Amino acid sequence: MKGHRDESGMVLDIRTLSSPARSVGLNRFTDESVEAAASVSGTDVTCENQTNVEDSLKKINFALQDSMNKEREEQKRQLDYIASQLNFLTKEREELKRKLVDFAHYAQQGWLYFNGSFYYISSITKTWQDSRDDCLQRGAVLAIISNTEEQEFIRLQQKVMWIGLTDRETEGVWKWVDETPLTASFWYSGEPNNFKHRNEDCVVINHYYDYENNWNDAACENLNFWLCEKDM
Ligand code: MAN
Ligand code: CA
């Protein structure tokens, strides 16, 4: 007898197993079963021997199946992992492509890039509200100044411009157009003063370019240049 037919009908011949498969199967069992399996090729095997051999082959076959199943599971895990990585990288590539297109678009239209945002400086003047609307139409907002670096960058543009800060809702409570409250502020000395009670509810970067602090509250109906900001 050269092989053993198991329940699945598969014929297993120990001599034809590849060496890793053989070691996987054999290593799990005792020397006894190895010897029994090794004697399979003999033609003069007794009945008792034959039963032993068949038992051993069953065990080996079972161990092989088990080992192959585990290997298959591991390969599936690895494949799933690779698939998820591929998915992640594909999304990231799309995201980067989109960013590149946006960057090219804004840069071409003369927007200035600083620290994660694009800025648009108008070449005509409007009221604060019209300026705000213009920014919205450009897919941006009137500039929101969040820190000293940004204030410095904007100040260096040397232009009197509306920014997205107002106390129109509640006098004296300054709010950015995105509803965030004012944290870092850069008022010029003496401002905000709601000068002569002229309803100065909107904020301009004023012409005191030499001063780090150069904001002024002014009447929202005044005509000024304006600054839009688009977060990238
Ligand atoms: C002008 C306006 C006011 C400002 C004063 C400062 O009147 O710009 O908003 O406060 O100057 O003297
Ligand atoms: Ca003022």
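Throughout, read-outs are computed from the coordinates displayed, never taken from laboratory work. Predicted model only: the values in this text are computed from it and were never measured. For neighbour counting, all protein chains shown are included, and Cβ atoms are generated from backbone atoms with ideal geometry for every residue, glycine included.
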Going by what's in this entry, would Ser146 be described as in a loop (DSSP other than H, G, I, E, B) and in contact (Cβ under 8 Å) with a residue 60 or more places away in the chain? no
One residue from Cys228, Cys135 being more than 14 Å from ligand 1 (Cβ to nearest atom), assigned to a strand (DSSP E or B) and within 29 Å of Lys99 (Cα to Cα): Cys228
Would you confirm, using the coordinates I've provided, whether Gly110 is in contact with a strand residue (DSSP E or B) (Cβ under 7 Å, 6 or more places away or on another chain), surrounded by fewer than 15 Cβ atoms within 10 Å (Cβ to Cβ) and part of a loop (DSSP other than H, G, I, E, B)? no
Looking at region 207-219, which of its residues are surrounded by 20 or more Cβ atoms within 10 Å (Cβ to Cβ) and either within 7 Å of ligand 1 (Cβ to nearest atom) or in a loop (DSSP other than H, G, I, E, B) (or both)? Asn214, Asn216, Asp217, Ala218
Those residues of region 182-200 which are within 11 Å of ligand 1 (Cβ to nearest atom) and not in a helix (DSSP H, G or I) amount to Trp187, Tyr188, Ser189, Gly190, Glu191, Pro192, Asn193, Asn194, Arg198, Asn199, Glu200
Answer yes or no: is there a residue in region 165-177 that is in a loop (DSSP other than H, G, I, E, B) and on the phi > 0 side of the Ramachandran plot. yes
Out of everything in region 188-206 that is more than 9 Å from ligand 2 (Cβ to nearest atom), surrounded by 13 or more Cβ atoms within 10 Å (Cβ to Cβ) and not β-branched (Val, Ile, Thr), what residue ends up being farthest from Thr127 (Cα to Cα)? Asn199
Give just the number: which of (1) surrounded by 21 or more Cβ atoms within 10 Å (Cβ to Cβ); (2) under 14 Å from Ser131 (Cα atoms) does Asn222 not satisfy? (1)
Qualifying residue in region 107-119 (condition: on the phi < 0 side of the Ramachandran plot, touching a Ser or Thr at 6+ places or on another chain (Cβ under 9 Å) and not hydrophobic (A, V, I, L, M, F, W, C)): no
With respect to Phe118, is the statement that it is within 16 Å of ligand 1 (Cβ to nearest atom), of a type outside the set (Asp, Glu) and in contact with an Asp or Glu (Cβ under 9 Å, 6 or more places away or on another chain) true? no
Just one of the numbered conditions (1) in contact (Cβ under 8 Å) with a residue 40 or more places away in the chain; (2) aliphatic (A, V, I, L, M); (3) surrounded by 14 or more Cβ atoms within 10 Å (Cβ to Cβ) is not true of Leu182; which one? (1)
Options Thr125, Thr170: the member that is hydroxyl-bearing (Ser, Thr, Tyr) and either within 16 Å of ligand 2 (Cβ to nearest atom) or without any contact (Cβ under 8 Å) to a residue 40 or more places away in the chain (or both): Thr170
Among (1) away from ligand 2 (no atom under 14 Å from the Cβ); (2) closer than 16 Å to Ile144 by Cα, the one test that Leu223 misses: (2)
Enumeration of residues in region 156-179 that are crowded, with 19+ Cβ neighbours inside 10 Å and away from ligand 1 (no atom under 16 Å from the Cβ): Gly164, Trp176
Considering region 207-219, residues that are over 23 Å from Lys126 (Cβ atoms) and in contact with a Phe, Trp or Tyr (Cβ under 9 Å, 6 or more places away or on another chain), and then whichever is farthest from ligand 2 (Cβ to nearest atom), we arrive at Glu212
